Amino acid sequence: MSGTTQDDYTDRYARRVRGMTTSEIRALFSVASRPEVVSLAGGSPYIAALPLDAVGEMLGKLASESGTTSLQYGIGQGTVELRERICEVMSLSGIHGASPDDVVVTVGGQQALDLIARLFLDPGDVVLAEGPTYVGALGVFQAAQAQVRHVAIDADGLIPAALSAAIEASGRRAKFLYLIPTYQNPAGVTLSDARRDEILDICERAGLLVVEDDPYGMLSFEGDAPLPLRARRRDGVFYVSTFSKTFAPGLRVGWILAPHAVREKLVMASEAAILCPSAFAQGAVTQYLTTMPWREQIKVYREIYRERRDALLGALHDLMPAGTSWTHPAGGLFVWTTLPDGLDSKAMMPRAIAARVAYVPGTGFYADGTGTANMRLNFSFAEPARLREGVRRLAGVMEQELAMRAVFGSTVAGSGGPHRRRGPAAADAPGPDLA
Ligand code: PMP
């Protein structure tokens, strides 16, 4: 019946649907998009920085001049033209000599992750992932009924000793390590050059596949990013990337560079899901990369995001209460914040929304309910003055919580300290527009 929220189908769902529950946090995110709310919650690139008129003209031509192919079905692996361009893009990141034959075009990086999960994960298998990790990857692994085991990170990314320990604890159930080594979402940290080979060696010794997710590597603010893992090793490494952050997420074009033996199975899995990626979107990206100054556009994005990162970090430094700490990203879109002792980012969320500021509570980025002491702040979308205003509002909310805590104790300020909730928290995930 339309209009009712009661679900009469609960008994009929497949087992994998059980983990898909909604939460009060999700409802709050719908409020976060209101204009009066300063949203630090999103993950959206600043599309207004694109030359939209020129893009519009390009898209018009794509339909009028080559509509008979761009509006037709295509092949499951994606067009050769785009796969060739993708190999050129990857060579800019240091991945040289990749064959277009080993590239599979996907509907964003998100479908790339989904295809890898379909190919390799049985229910009960273990995926090792950074703690915290990308919320959309958690959703994919949960849908595959896999268990995520988090591996600790620090300012230099994944900690090798923690990875070895996690491998030891997981035994043969561990199928792959999923990681975002560069300008990580949500933590904003980058796996150091020195650790990259060490991590690859550990995985190789353990027979663990590596899924390297690299949407942000080109969005560097301070010199080039370290070489991707795939540039250091081919065997056992799946490289996933996307045009969502370097061009536009609305086109939904990403890719996988896969070990040769696996490529055909990836294509079959993709065909089963979507037949083929959009020919029009692929044509748009191909034209963009062929006829427009896309390298300059990436520089434009970098400049804008660097300025905004500086504005956010400056505001955090000036306004946050004592005891708050945060990461210093050298690229990407996000800062990861750790709250003063006892504050709970999830419990605080309704009060933040009431104060007209939004963020994503840290619990959304863990499969096990940790993260109550953290929040992810985005700096790519709001302008510098608005970022500062957002932090001012947030700091006000935190000061109030701390004051209440000082008077009434921990129960008022939320479930911090010993009462922190554990258990599946993927329902804290924001909707796709906020991922
Ligand atoms: N991986 C990571 C780490 C991301 O942050 C995102 C987008 N937020 C994606 C994959 C998916 O991006 P898309 O599907 O838009 O390419």
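Assorted remarks:
- From the options ARG83, ARG26, ARG118, residue that is in a helix (DSSP H, G or I), surrounded by 20 or more Cβ atoms within 10 Å (Cβ to Cβ) and among the charged types (D, E, K, R): ARG83
- Residue in segment 132-152 that is within 25 Å of SER244 (Cα to Cα) and of a type in the set (D, E, K, R) present: no
- Test: residue in segment 359-382 that is assigned to a loop (DSSP other than H, G, I, E, B), surrounded by 17 or more Cβ atoms within 10 Å (Cβ to Cβ), at pLDDT 90 or above and on the phi > 0 side of the Ramachandran plot: yes
- Qualifying residue in segment 91-109 (condition: away from the ligand (no atom under 16 Å from the Cβ), of a type outside the set (D, E, K, R), at pLDDT 95 or above and farther than 28 Å from LEU219 by Cβ): no
- When the strands (runs of 3 or more DSSP E) confined to segment 125-226 are screened for residues that are more than 13 Å from the ligand (Cβ to nearest atom), those reaching at least 3 such residues are found at 126-131, 147-154, 174-179.
- Residue check for ARG234: on the phi < 0 side of the Ramachandran plot and part of a helix (DSSP H, G or I): no
- In segment 289-316, of all residues being among the hydroxyl-bearing types (Ser, Thr, Tyr) and under 21 Å from the mean Cα position of the chain (by Cα), the one that is farthest from LYS61 (Cα to Cα) corresponds to TYR305.
- Pair list, Cβ < 9 Å and 6+ apart or interchain, from segment 398-412 residues that are at pLDDT 90 or above to residues that are polar (S, T, N, Q): MET398/THR324
- Taking the criterion of being touching a helix residue (DSSP H, G or I) at 6+ places or on another chain (Cβ under 7 Å) and assigned to a helix (DSSP H, G or I), the only residue of segment 33-54 that qualifies is ALA49.
- Looking across segment 31-77 at every residue that is over 21 Å from GLU307 (Cα atoms) and of a type in the set (S, T, N, Q), the one that is surrounded by the fewest Cβ atoms within 10 Å (Cβ to Cβ) is identified as THR68.
- When ASP154, ASP102 are checked against the criterion of being exposed (fewer than 15 other Cβ atoms within 10 Å of the Cβ) and among the charged types (D, E, K, R), ASP154 stands alone in meeting it.
- Number of residues in segment 40-73 that are in contact with a Ser or Thr (Cβ under 8 Å, 6 or more places away or on another chain) and at pLDDT 95 or above: the value is 5.
- Of all residue pairs spaced 6 or more apart or on separate chains, those with beta-carbon atoms under 6 Å, a first member in segment 241-265 that is polar (S, T, N, Q) and a second member that is more than 10 Å from the ligand (Cβ to nearest atom) and part of a loop (DSSP other than H, G, I, E, B) are THR246/MET218.
- For segment 228-241, the set of residues classified as closer than 15 Å to VAL89 by Cβ and either surrounded by fewer than 24 Cβ atoms within 10 Å (Cβ to Cβ) or more than 10 Å from the ligand (Cβ to nearest atom) (or both) consists of PRO228, ARG230, ALA231, TYR239, listed by residue number.
- Residue in segment 213-227 that is in contact with an Asp or Glu (Cβ under 8 Å, 6 or more places away or on another chain) and surrounded by fewer than 23 Cβ atoms within 10 Å (Cβ to Cβ) present: yes
- Screening LEU163 against (1) in contact (Cβ under 8 Å) with a residue 60 or more places away in the chain; (2) over 19 Å from the mean Cα position of the chain (by Cα) leaves a single unmet condition, (1).
The values are calculated or read from the model by the stated rules, or taken from the named source; none is laboratory data. Small disclaimer: the values here were computed from a predicted structure and weren't measured. A quick note on method: Cβ atoms are made from the backbone with ideal geometry, for glycine too, and the neighbour counts reach across all protein chains shown.
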